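What follows draws every value from the coordinates through simple rules; no lab data is involved. Computed from a predicted model, the values in this text were never measured in an experiment. All Cβ positions, even for glycine, are placed from backbone atoms using ideal geometry, and neighbour counts span all protein chains on display.
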């Protein structure tokens, strides 16, 4: 099972009310449009389409030491951790 692929699918297929847990916080999908997923922690994930029709997730970046780091990477890692947690408690 590819956990990264499942994390991406989780965001692509999420609906309002879906959630994941990271640390002691519950992050919920508060709004969903065709091109955006709004999360309860204030972050917005953009669903973008390439010219060949493939879709990908994008977000704003945070700058640390003059290097940009997309927030989507951390969101996907948090979802991966939650999915692994769910696998191990079942």
### Query
Where is the GNM fluctuation largest for the chain (alpha-carbon springs, 10 angstrom cutoff): 60, 25, 36?
25
## Note on the structure
Relative contact order in percent for the range 3-89 (Cα pairs under 8 Å, 6+ apart) equals 25
### Task
Name the most mobile residue of 51, 61, 40, meaning the one with the largest mean-square fluctuation, in a Gaussian network model of the chain with Cα contacts below 10 Å.
51
### Message
Just to be sure I understand: with springs between alpha-carbon atoms less than 10 Å apart, which residue in 26, 45, 63 has the highest mean-square fluctuation in the Gaussian network model of the chain?
### Response
63
### Message
Using a 7 Å offset from Cα along Cα-Cβ at residue 58, what residues in the range 4-43 end up with backbone N under 15 Å from the label point?
### Response
35-37
### Potential lengthening between residue 2 and residue 49 on full extension [0.36 nm per residue; Cα-Cα distance subtracted]
14.7 nm
